[in-house]
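The values are calculated or read from the model by the stated rules, or taken from the named source; none is laboratory data. Because the structure is predicted, anything quoted here is derived from the model rather than measured. Don't worry about glycine lacking a Cβ; one is built from the backbone with ideal geometry, like all the others, and counts go over all protein chains shown.
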Amino acid sequence: MTKQTKFIWTTKVGEKGQIVIPKEAREIFNLNKGDTLLLFGDIERGIAVGKREDYLEFAEKIFNAKGDNDA
């Protein structure tokens, strides 16, 4: 049995420009009340949403990595 890795949901933008992330998406991606999300925008490709903590961990690994030229 193959685990599903791709999903699609719909949501509407409210009067104040807010969107609701569907419950299933919040559960799958472990999004909780108070979490900070990053929005990445590309005019041609759209908007991507990521959890701030995930990108901070990624950035920390980059900054702490030793390059080929490091002693």
Can you tell me which residues in segment 27-52 are part of a helix (DSSP H, G or I) and either more than 9 Å from the chain's Cα centre (by Cα) or aliphatic (A, V, I, L, M) (or both)? Glu27, Ile28
Among the residues of segment 27-48, is there at least one that is free of Cβ contacts under 8 Å to residues at least 60 places away in the same chain, of a type in the set (Gly, Ala, Ser), out of contact with any Cys (no Cβ under 6 Å at 6 or more places or on another chain) and surrounded by 11 or more Cβ atoms within 10 Å (Cβ to Cβ)? no
Give me the pairs: first residue in segment 1-22 and surrounded by 10 or more Cβ atoms within 10 Å (Cβ to Cβ), second residue at pLDDT below 90, beta-carbon distance under 9 Å, and six or more apart or on different chains, which are they? Ile21/Val49
If the requirement is being at pLDDT 95 or above and either on the phi < 0 side of the Ramachandran plot or of a type outside the set (A, V, I, L, M, F, W, C) (or both), which of these qualifies: Lys23, Lys66, Lys6? Lys23
Count of segment 34-71 residues which are under 21 Å from Phe7 (Cβ atoms) and not acidic (Asp, Glu): 14
